[in-house]
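To keep things clear, I will list the structure first and then write my remarks on it.
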C-alpha cells in the first residue's frame with residue numbers, strides 16, 4: 001500500500017470516529033448550527049452591514065476582514081479545484097455537496113481560523129481565545145456532519161491561521177491606501 005493510500009485510510013478512520021450518527025439528535029442539530037455559523041454568506045452580509053452603517057475604525061475593520069476573507073476564498077477554492085477530492089459519502093448538507101463538491105481543504109475551517117487570528121488585532125486575548133474555540137468547533141462540526149475528512153479540516157485550520165496572520169501584517173497597508181484605490185468604500 002502506498003504511503004498516500006495509508007494516510008488516506010488513517011484519515012478516513014479518524015473521520016469515521018468523529019461522525020455523529022443520529023441525524024435527528026440535539027448534538028447533530030447543534031453541530032449543524034455551529035457549522036452554519038461560519039457560512040460565507042452570513043459573514044459577507046454581516047461585514048456589508050457593518051461597512052454600510054458605521055464609520056471610522058469599525059468600518060475600516062469590516063473592510064479589512066472582507067478583503068481577508070475574500071482572498072482566503074480565492075485560495076481555498078483554487079486548492080479545491082486543483083485537487084478535486086470528493087466529499088465523504090453522506091446525506092446531510094446537500095447544499096454544500098451541490099455548490100461545492102470538493103472537500104480539501106475545508107473552507108469553513110479556514111474561514112473560522114482566519115477570523116480567530118484576525119481577532120488578535122483587538123489586542124484582547126479573550127476575543128482570540130473565544131473565536132479560536134469556535135473555530136475548533138466549526139472544524140469538528142464539518143467532520144461530524146460528514147461534510148469533510150479530518151485532514152480537510154486540519155489543512156483548513158492551517159491555511160486559515162496563516163491567512164489571518166498575513167492579513168494582519170499586510171492588509172493594513174492596503175487599508176491605509178484604500179481611499180486612493182477605492183474612494184467609494186471609505
Test of understanding: what is the full-extension gain from residue 123 to residue 45, defined as 0.36 nm times their sequence separation minus their Cα-Cα distance?
25.6 nm
Quick one: helix 107-118 against the long Cα principal axis of the chain, what's the angle to the nearest 10°, folded into 0 to 90?
40 degrees
Relative counts (whole %) of C-alpha pair distances in segment 43-147, using bins that are 5 Å wide:
2, 12, 18, 20, 20, 13, 9, 5, 1, 0
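So for 173, 76, fewest C-beta neighbours within 10 Å to most, what's the order? Numbers along the way, then the final one.
On the way: 173 9, 76 27.
Neighbour counts put them in this order, fewest first: 173, 76.
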Could you work out how far helix 150-181 tilts from the main Cα principal axis of the chain, as a 0 to 90 degree angle to the nearest 10?
10 degrees
Degrees separating the helix 3-18 axis from the principal Cα axis of the chain, which is the longest one
90 degrees
With Rg/Rh (Cα atoms, Kirkwood Rh) in mind, check (i) 1.83; (ii) 1.01; (iii) 0.94 and report the label derived from this structure.
(ii)
In whole Å, how far is the Cα centre of segment 148-177 from that of segment 11-51?
19 Å
With an 8 Å Cα cut-off and a minimum separation of 6 or more residues, compute the relative contact order for segment 25-181 in percent.
29 percent
Sticking with the crude label model, points 7 Å out along Cα→Cβ, report the distance from residue 30 to residue 4 in nm, one decimal please.
3.9 nm
Packing-based exposure ordering (other Cβ within 10 Å, fewest first) of 176, 12, 89:
89, 176, 12
Footprinting exposure proxy for 61, 114, 48, 99 (fewest neighbouring C-beta atoms within 10 Å first):
99, 48, 61, 114
With -39,500 (n - 2.57) per DSSP H segment of 4 or more residues and division by the full residue count of the chain, the 222 nm estimate, nearest 500 deg cm²/dmol, is -25000 deg cm²/dmol
Hey, rough spin-label estimate for residue 14 and residue 82, points 7 angstrom out along Cα→Cβ, what's it come to in nanometres?
2.1 nm
Relative contact order (%) - criterion: Cα under 8 Å, at least six apart; region: segment 36-102
21 percent
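Where a number appears in this text, it was derived from the coordinates with a stated rule and is not lab data. Computed from a predicted model, the values in this text were never measured in an experiment. Every residue, glycine as well, gets a Cβ built from its backbone with ideal geometry; the counts of neighbours run over all protein chains shown.
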